[in-house]
1. Among the residues that make up the range 196-213, is at least one of them buried (at least 23 other Cβ atoms within 10 Å of the Cβ), outside the structural domain of residue 309 (by TED's automatic domain parsing) and closer than 23 Å to residue 382 by Cα?
2. Tell me, yes or no, whether the range 229-239 has at least one residue that is in a loop (DSSP other than H, G, I, E, B), without any contact (Cβ under 8 Å) to a residue 60 or more places away in the chain and in contact with a strand residue (DSSP E or B) (Cβ under 8 Å, 6 or more places away or on another chain).
3. Of the conditions (1) surrounded by fewer than 20 Cβ atoms within 10 Å (Cβ to Cβ); (2) touching a residue at least 40 places away in the same chain (Cβ under 8 Å); (3) closer than 20 Å to residue 194 by Cβ, residue 323 satisfies every one except a single condition; which number is it?
4. Tell me which of these residue 303 doesn't satisfy, since it passes every other one: (1) touching a helix residue (DSSP H, G or I) at 6+ places or on another chain (Cβ under 9 Å); (2) outside any strand (DSSP E or B); (3) buried (at least 17 other Cβ atoms within 10 Å of the Cβ).
5. May I ask you to list the residues in the range 157-185 that are part of a helix (DSSP H, G or I) and in contact with a helix residue (DSSP H, G or I) (Cβ under 9 Å, 6 or more places away or on another chain)?
6. In the range 11-47, which residues are assigned to a strand (DSSP E or B), within 19 Å of the chain's Cα centre (by Cα) and in contact (Cβ under 8 Å) with a residue 40 or more places away in the chain?
7. Looking only at the range 16-28, count how many residues are more than 15 Å from residue 83 (Cβ to Cβ) and touching a strand residue (DSSP E or B) at 6+ places or on another chain (Cβ under 8 Å).
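The values are calculated or read from the model by the stated rules, or taken from the named source; none is laboratory data. Nothing here was measured: the structure is a model prediction, and the numbers come from that model. Reconstructed Cβ throughout: ideal geometry from the backbone, glycine too, with neighbour counts over all protein chains shown.
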């Protein structure tokens, strides 16, 4: 069974074509920096590797470019769209409506659209990917896998906000959590390696969007993102945690509209607001060249992560391992080093030489004397999506 996976992020599209149940990857790739003039398109099979830099204005254009490669007479991997049996879609926000993998219907699409107000950077491109895939892969079953599903296990003490009960009971206002597909995959990899009952693991997903999850015995028990994917860690263009009173000050005193504040917090803040760059590779390069703003932004980013590690270690009453994953977590030895520096109080000791890796599988980068394992685990949300979609349809 051929399953084509679409994983549309806020500024990227990761994709894989996977044969199930063998889990053989037929092709894979990514479209990065969507919305910029120097977007990057990557496409790889067992025999070829293509990389191109071009302007990709939006997710629709990015998806169309990917499909062109899939069907290319020379480099393609399918002869026609009927070769795809299932299209598995990563959808960020499922609210309380979806706690499991779901076959996509008109009602499901309507609900995903309704929930876009809670994930405005993600659900719209997710839905766009679904609509386009329905038009192209007309014979395939369309399946949605929700990022919020893994966090359904959050206990009420972690889910509920300290606001009047009616907002939780009647309106479902609570912490939903995101990046669940990634956190689920890497935490399962870590637990298989640890082979320990009641394991206490912190999964740190660092990309353009960032989140951190406390995983106790394989289940999410606390998470940095909340009702929407806007709070928690410092992200590419999102502020993460702020004092909510700041919003009213911006509106009532400085004259901003609510729309302007929303745009600023989601699209103009985070590392972009601090440095002028949203891509960490650019920020690290500038920091090495002496840019003080970029140096400070890296320190602020790591400081926020450290605070969450400490909080989650306390919540679990201990810590067996931390995981770095996703684009930044897997590739930035600089960020890993800053995060793990001066964390001896929790038993976290980084091996500087081991840290200089970009591994293709689970790799330990802690010292031999470290009480806490430090893992770099390449996330594979696409394989996790394929597994769940296959289990639903087979």
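1. No, every residue in the range 196-213 fails to be buried (at least 23 other Cβ atoms within 10 Å of the Cβ), outside the structural domain of residue 309 (by TED's automatic domain parsing) and closer than 23 Å to residue 382 by Cα.
2. Checking the range 229-239: at least one residue is in a loop (DSSP other than H, G, I, E, B), without any contact (Cβ under 8 Å) to a residue 60 or more places away in the chain and in contact with a strand residue (DSSP E or B) (Cβ under 8 Å, 6 or more places away or on another chain).
3. For residue 323, the failing item is (1).
4. (3)
5. We begin by selecting, within the range 157-185, every residue part of a helix (DSSP H, G or I); these are 157-159, 165-169, 180-185.
158, 159, 168, 180, 181, 182, 183, 184, 185, listed by residue number.
6. 13, 14, 15, 16, 28, 29
7. Selection size over the range 16-28: 2.
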